[in-house]
1. Can you spot a residue in segment 37-52 that is assigned to a loop (DSSP other than H, G, I, E, B) and at pLDDT below 75?
2. With (1) in a helix (DSSP H, G or I); (2) exposed (fewer than 13 other Cβ atoms within 10 Å of the Cβ) as the list, and Ala89 as the residue in question, which single condition is left unmet?
3. Considering only residues that are free of Cβ contacts under 8 Å to residues at least 12 places away in the same chain and surrounded by 10 or more Cβ atoms within 10 Å (Cβ to Cβ), look in segment 92-102 and name the one that is farthest from Ser117 (Cα to Cα).
4. Restricting to segment 103-124, count the residues that are in a helix (DSSP H, G or I), free of Cβ contacts under 8 Å to residues at least 12 places away in the same chain and either loosely packed, with under 12 Cβ neighbours inside 10 Å or over 28 Å from the mean Cα position of the chain (by Cα) (or both).
5. Can you go through Ala97, Ala89, Ala78 and tell me which one is in contact with a Leu (Cβ under 9 Å, 6 or more places away or on another chain), modelled with pLDDT of 75 or more, closer than 30 Å to Ala120 by Cβ and among the aliphatic types (A, V, I, L, M)?
6. Given (1) part of a helix (DSSP H, G or I); (2) modelled with pLDDT under 75, identify the lone condition not met by Phe67.
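The values are calculated or read from the model by the stated rules, or taken from the named source; none is laboratory data. Owing to the predicted nature of the structure, the values given are computational and were not obtained by experimental measurement. With ideal geometry, Cβ positions are generated from the backbone for all residues, glycine too; neighbour counts draw on all protein chains shown.
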Amino acid sequence: MGTNYFRDSYNTFDFVIIAISVSNLILSTLNLWNAGSTASIFRVFRLGRVLRLVNKSPNLRMIFNTFKNTLPSLSYIALLLALVQFIYAILGVELFAFVRFGDELHKNTNFRSFYDSMIALFRV
């Protein structure tokens with residue numbers, strides 16, 4: 001593309017993000033500067049490169065729009081699963097709070113309190 005590369009705003013965006021990532025990699029390798037969370041912010045901007053592909057391809061655009069339209073329904077499913085886990089955690093505390101610790105039941109996985117039962121059920 002030669003000098004026409006920088007006429008497209010997406011190409012300029014790609015160049016800036018990649019230049020920042022490479023400079024961060026070099027500086028952190030030489031132990032001159034550790035960007036930490038700043039570098040992760042720039043990595044999020046790299047997702048903009050994927051959105052560029054969505055605009056170019058009609059098939060990807062259709063898949064992206066389908067995903068975007070199903071997000072509200074997925075939130076209802078997540079709420080239903082959280083309600084089921086809440087009910088099972090209450091039942092676990094009620095039924096298994098006084099079971100003695102053994103091989104599989106120890107201080108990290110038990111039903112002695114509501115919090116511990118939620119964590120144990122989340123692991124499962």
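1. Yes, the conditions are met somewhere in segment 37-52.
2. All conditions pass for Ala89, except number (2).
3. Phe101
4. 1
5. Step by step, each of Ala97, Ala89, Ala78 is checked, and only Ala89 is in contact with a Leu (Cβ under 9 Å, 6 or more places away or on another chain), modelled with pLDDT of 75 or more, closer than 30 Å to Ala120 by Cβ and among the aliphatic types (A, V, I, L, M).
6. Here Phe67 meets the rest and fails (2).
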